[in-house]
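Q: Before I ask anything, here is the structure I am working with.
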Amino acid sequence: LSDFLSPDEITHIGFAHVGNNVLISRHALFFAADHISIADNVRIDAYCLFSGGEGIRIGRNVHVSAFTAILGRSSLEIGNFATVSARCTIFTSSDDYTGATMTNPTIPADYRGANHAPVRIGDHVIIGAGSTILPGVEVGNSAGIGAASLVKGNVTAFDLVAGVPARVIGRRVDGHLRLADQLLAVKRREVPNFGRQRT
Ligand SMILES: CC(C)(COP(=O)(O)OP(=O)(O)OC[C@H]1O[C@@H](n2cnc3c(N)ncnc32)[C@H](O)[C@@H]1OP(=O)(O)O)[C@@H](O)C(=O)NCCC(=O)NCCS
């Protein structure tokens, strides 16, 4: 049993770009879909909410698990083979918490001090369930983020971070890179264009 949309239904959402073999739950919600670009073999599960902002680019073989929200006015890039586990929230905008200005979108912009900044999640990153990523964060390639983490600053490639706020707790190994090369080689033999499309 599946609640994934048919290719025609996906076309009707009006994405800027959508690749081949993309699975999108009919219970996912997209605002400003024309600012959202999705590469091949991506899966987006039920109750995800994407707000297009200045642009969302999802790389190939990315999984965005159930109840994940992408919110804010700036841009988000998620690299190839990245995993966003259930109930994550990625913010590209956040209100001013100092008290110097008013907060929330019912208030005119002149009275608010919201911060809008792009977020970049690298290739092969894995984000544990229930984590929150704040505006301006860059998560380096192959980094890992433990469950229920609050990521306020940049994460170095291959670092494993966790906690509130997230701190380095270890390093990831690079076995997944060799396996990805093998997988791409096998797929290219099956489908000559596999893995060469623009993301
Ligand atoms: C991050 C993670 C992979 C680390 O696992 P691990 O390598 O076995 O790490 P350990 O349990 O040995 O913990 C190492 C240290 O990090 C801390 N830590 C581990 N995970 C943490 C988390 N999510 N938040 C805060 N601290 C965490 C531990 O308390 C421990 O601290 P200490 O050295 O002070 O005692 C794992 O804890 C985790 O969060 N996995 C996410 C799983 C998930 O969300 N899956 C969803 C489906 S993909």
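Q: Quick check on my filter: what residues within the stretch 34-57 are among the aliphatic types (A, V, I, L, M) and crowded, with 20+ Cβ neighbours inside 10 Å?
A: Passing the criteria: Ile36, Ile38, Ala39, Val42, Ile44, Ile56.
Okay, residues lined up against (1) within 24 Å of Gly59 (Cβ to Cβ); (2) touching a residue at least 40 places away in the same chain (Cβ under 8 Å):
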position: Ala86; (1), (2): yes, yes
position: Ile90; (1), (2): yes, yes
position: Ile107; (1), (2): no, no
position: Thr132; (1), (2): yes, yes
position: Ala147; (1), (2): yes, yes
position: Lys152; (1), (2): yes, no
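Q: Test each condition in (1) under 20 Å from Ser85 (Cα atoms); (2) in a loop (DSSP other than H, G, I, E, B) for Phe15 and report the one that comes out false.
A: The failed condition is (1).
Q: So which residues in the stretch 65-84 are free of Cβ contacts under 8 Å to residues at least 60 places away in the same chain and of a type outside the set (Ser, Thr, Tyr)?
A: Listed by number, the residues that qualify are Ala66, Phe67, Ala69, Ile70, Leu71, Arg73, Leu76, Glu77, Ile78, Ala82, Val84.
Table: residues versus (1) away from the ligand (no atom under 16 Å from the Cβ); (2) under 17 Å from Val139 (Cα atoms).
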{"site": "Phe31", "(1), (2)": "yes, no"}
{"site": "Arg43", "(1), (2)": "no, no"}
{"site": "Phe67", "(1), (2)": "no, no"}
{"site": "Ser75", "(1), (2)": "yes, yes"}
{"site": "Phe91", "(1), (2)": "yes, yes"}
{"site": "Asp96", "(1), (2)": "yes, no"}
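A short reminder: the numbers here are calculations on the coordinates, not readings from a lab. Everything numeric here is computed off the predicted structure, so don't read it as measured data. Because the Cβ atoms are built from the backbone with ideal geometry, glycine has one as well, and the counts that use them run over all protein chains shown.
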